[in-house]
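Sharing a structure below in structure tokens format, with a few things to ask.
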Amino acid sequence: MTAVICGIAMLVLLFADQITKAWAEAVQIHQGNYFLGMVRLYYTENTGMAFSMFDDNPAAMTVITVLTVVMIAGIAALFFTVFKRNKPAQAALAVIEAGAIGNLIDRLCLTNASGEAYVRDFIDVSPLRFGVCNLADFYITFAAVALIFIILFIGPDAVFPLKKKWREEAAEKEKLRAKKNG
């Protein structure tokens, strides 16, 4: 059941990403002032990756696009194998997947007048030293941070389980492994 819920959530987030990008592109939004001095809406077409890296290197972007496809497949594999019993990790992976697929759709379907593939960005957080991004970028960033936190602290399989119950479960599993192996 978790896979179905995560799949639906991923599709909803993917739709939200694509619809907001389409809206920003359609209105070519260029808001002048930053809200609270931190964020404004400013549409741009990013032919590179994060922070426009490799925007002048189509060969590098082709490699990055291929690696993105591999990463999307890898995330799906992790969802159904390594994290198959870890619901919080599966949720974080679904959010990362939505972001990765959202940006991949742009890169595969959109080209500018020069024939370069691009991703639609419209959330300018330059005062925070992040540049211009989109919802997919936020999905990837925040879910990756959450996934690291989950791997480190949440559940009995965590590196450093926070709850006493999880630590006890982890110790019991380790005793069973030691008995089985030794």
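Can you name the residue in segment 89-139 that is of a type in the set (K, R) and in contact with a helix residue (DSSP H, G or I) (Cβ under 7 Å, 6 or more places away or on another chain) and, of all such residues, is modelled with the highest pLDDT?
Per the stated criteria, the residue is R120.
To keep it simple, each residue is scored yes or no on (1) touching a residue at least 24 places away in the same chain (Cβ under 8 Å); (2) of a type outside the set (D, E, K, R); (3) assigned to a loop (DSSP other than H, G, I, E, B).
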position: A16; (1), (2), (3): yes, yes, no
position: T20; (1), (2), (3): yes, yes, no
position: E25; (1), (2), (3): yes, no, no
position: N33; (1), (2), (3): no, yes, yes
position: R40; (1), (2), (3): yes, no, no
position: Y43; (1), (2), (3): yes, yes, no
position: G48; (1), (2), (3): no, yes, yes
position: D56; (1), (2), (3): no, no, yes
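Another question, then. Just for helices (runs of 4 or more DSSP H) wholly inside segment 65-182: which have at least 3 residues that are of a type in the set (D, E, K, R)?
Qualifying helices (runs of 4 or more DSSP H): 87-109, 164-181.
Given the condition of a type outside the set (K, R), open to solvent by 50 Å² or more (accessible area, probe 1.4 Å) and closer than 30 Å to Y34 by Cα, answer yes or no: does some residue in segment 143-158 qualify?
Yes, segment 143-158 contains a residue that is of a type outside the set (K, R), open to solvent by 50 Å² or more (accessible area, probe 1.4 Å) and closer than 30 Å to Y34 by Cα.
All but one of (1) touching a Ser or Thr at 6+ places or on another chain (Cβ under 8 Å); (2) open to solvent by 80 Å² or more (accessible area, probe 1.4 Å) hold for K165, so report the exception by its number.
With respect to (1) touching a Ser or Thr at 6+ places or on another chain (Cβ under 8 Å); (2) open to solvent by 80 Å² or more (accessible area, probe 1.4 Å), K165 is out only on (1).
Kindly check whether there is at least one residue in segment 52-71 that is on the phi > 0 side of the Ramachandran plot and either out of contact with any Asp or Glu (no Cβ under 7 Å at 6 or more places or on another chain) or loosely packed, with under 15 Cβ neighbours inside 10 Å (or both).
The answer is yes, given that some residue of segment 52-71 is on the phi > 0 side of the Ramachandran plot and either out of contact with any Asp or Glu (no Cβ under 7 Å at 6 or more places or on another chain) or loosely packed, with under 15 Cβ neighbours inside 10 Å (or both).
Suppose we keep only residues that are open to solvent by less than 50 Å² (accessible area, probe 1.4 Å) and among the β-branched types (V, I, T) within segment 10-43. Which one would you say is nearest to G102 (Cα to Cα)?
Out of the qualifying residues, it is T20.
The values are calculated or read from the model by the stated rules, or taken from the named source; none is laboratory data. Here the structure is a predicted model, which means the values were calculated and not measured. With ideal geometry, Cβ positions are generated from the backbone for all residues, glycine too; neighbour counts draw on all protein chains shown. With ligands, DNA and RNA removed, areas are computed over all heavy atoms of the protein, side chains included. Shrake-Rupley method; radii C 1.70, N 1.55, O 1.52, S 1.80 Å.
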